[in-house]
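Everything on this sheet refers to the single structure shown next.
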Amino acid sequence: MTPTNEMQIRFTAVSGNESFARVAVAAFVAQMNPTMDELTEVKTIVSEAVTNAIIHGYPDGFGEVTLQCKIVGDTMELVVSDSGVGIADMNAVRQPLYTSRPDLERSGMGFTIMESFADEFDVVSSVGHGTHLKFRKRIGEASMPLSAARES
């Protein structure tokens, strides 16, 4: 299916841009008329993905993050990419409470949270070349269980 709308932004990998990315995607997705819960989940996915790219992708503090968002029917598609260090052990990062940056007191729940809020979640990473996190999330009545949709 062809996207009905799409946007892309690229920004410097500094922590202040995490809130910018979250607000930008929330504003873009608002045209889909999401519930407050759906909007909160989308914002959380963006926060976790962008924070991971900034903190873990660029431990030396230099780089860029690219965020792409598409609306395809009732589905939001999101890709957060960096050209940083990449993920050496994909199994480890998917374990709750794992963090490669204990020095920053990270909780290690980012991947678990992102997976729980997305309908589809995929990670492509190459050591020394970066990471691409891909998400799909249905928005609106179509994303509700049929019984809940009937009650609304």
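The values are calculated or read from the model by the stated rules, or taken from the named source; none is laboratory data. None of these values were measured; they are calculated from a predicted model. Glycine gets a Cβ as well: all are built from the backbone with ideal geometry, and neighbour counts include every protein chain shown.
Looking across the stretch 17-73, the residues that are buried (at least 17 other Cβ atoms within 10 Å of the Cβ) and in a loop (DSSP other than H, G, I, E, B) come down to PRO34, TYR58, GLY63.
Within the stretch 30-89, being acidic (Asp, Glu), under 19 Å from SER19 (Cα atoms) and touching a Gly at 6+ places or on another chain (Cβ under 6 Å) holds for GLU48, ASP82.
Residues in the stretch 45-72 that are in contact with a Ser or Thr (Cβ under 8 Å, 6 or more places away or on another chain), more than 15 Å from PHE135 (Cα to Cα) and modelled with pLDDT of 90 or more: THR51, ILE54, GLY57, GLY63, GLU64, VAL65.
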